[in-house]
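To start, the structure itself, in structure tokens.
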Amino acid sequence: MAVDVLLVEDHAIVRHGIRTLLERSGDFRVVGEVDSGADAVQFCRKSPPQLVLMDLAMPGLNGIEATSEIIRHSPTARVVFLSAYDDDQSVVNAIRSGARGFVLKRASLGDLLDALRTVAKGGSYLSPQVSDRLLQRIQRGDLESGGPPSTLDGLSPREMQVMRMIADGMTSKEIAQSLDLGVETVRSYRKTLMKKLGVNNVAGLTQIAISAGITSPTAAESRTKE
């Protein structure tokens, strides 16, 4: 019997290609396609699929935030990330959010299918390039347990969301409209974030966000000033 999969990817062409490949395999049935983390959370609340194939970087609620929400409401959900980002922090943050797999977008179709089959059966999967590098860092003892990730552990999901949007270049007004909040409420979040993280400006928040893997340098470079 085919395994039900939800595709979460903000590029329609990529979603179409993945859907075609999965359905041709005969092992999977795509039961939904969404282009944002928020829509993925809503979909899973209404009709949880067996697997969620999740993109990492998306506008609004990103893949890590969406996975945390999905797992919080559906602890048995099985999420596999398919990402172009292969830095260690992105992988660690994805696993911390509750994901059971992390596959690079440059991986082969065979690797992707192996990952989905493994996770569908209750296992876990990391792309070989990722797992080998993390293993080497653990063996050397230089995979830090502190730093930005543990600092961010003290932030609420909403604070994490606002922080990423700030780092992505959104103004307080844009964030307020996106999250249905007041502008002053967003500014209050920003002040609280700076205080908690020990920085004095948006540039400081952005650097922490990049280091923690919750935004990309490319997105941060497009930051606008209020």
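What does the charge add up to near Val119, with Lys and Arg as +1, Asp and Glu as -1, over the other residues with Cβ less than 10 Å from its Cβ?
Computed value for this residue: +3.
Work out how much length Met1 to Val199 would gain on full extension: take 0.36 nm times their residue separation and subtract the Cα-Cα distance, in nm to one decimal.
66.0 nm
Quick one: give the max-minus-min coordinate of the C-alpha atoms of the range 1-69 along each principal axis, largest first, in Å.
32, 25, 15
Specify the angular offset, from 0 to 90 degrees and rounded to the nearest 10, of the alpha carbon long axis of helix 202-212 from the longest principal axis of the alpha carbons in the chain.
Helix 202-212 and the main axis of the chain meet at about 30 degrees.
Quick one: go through the range 82-117 and flag any residue whose amide nitrogen is under 14 Å from the point 7 Å out along the Cα-to-Cβ line of Asp27.
Output list for this probe position: 108-117.
What is the spin-label model distance, in nm, from Arg137 to Ser188 if the labels are put 7 Å beyond Cα along the C-beta direction?
Computed distance between label sites Arg137 and Ser188 equals 3.7 nm.
So what is the relative contact order of the chain, in percent, for Cα pairs below 8 Å that sit 6 or more residues apart?
Contact order relative to length: 15 percent.
Compute from the Cα atoms of the chain the Rg and the Dmax, the latter being the longest Cα-Cα distance, and quote both in angstrom.
Expressed in Å, the Cα Rg and Dmax of the chain come to 17.7, 55.
Past 29 Å, Cα to Cα, is the threshold; run Lys173/Lys196; Lys105/Lys173; Lys46/Lys121 against it and keep the listed order.
The answer is Lys105/Lys173.
In the range 3-140, what percentage of the DSSP-assigned beta bridges are antiparallel, given to the nearest 5?
The antiparallel proportion sits near 0 percent.
Which value at 222 nm does the chain reach when only helices count, each DSSP H run of 4 or more adding -39,500 (n - 2.57), with the total divided by all residues and rounded to the nearest 500 deg cm²/dmol?
-16500 deg cm²/dmol
So which trypsin sites (Lys or Arg not before Pro) in the range 89-135 are both in a DSSP loop and have at most 14 other Cβ atoms within 10 Å of their Cβ?
Values: sites: Arg96, Arg100, Lys105, Arg106, Arg117, Lys121, Arg133; in loops: Arg100, Lys105, Arg106, Lys121.
Counting only loop positions with at most 14 other Cβ atoms within 10 Å, the trypsin sites (Lys or Arg not before Pro) in the range 89-135 are Arg106, Lys121.
Compute the Rg/Rh shape ratio of the range 1-133: radius of gyration over Kirkwood radius, all on alpha-carbon atoms.
0.92
Taken together, the values in this text are just the output of simple stated rules run on the coordinates, not laboratory data. All values derive from a computational prediction rather than experimental measurement. Note that we place each Cβ from the backbone using ideal geometry, even for glycine, and neighbour counts take in every protein chain shown.
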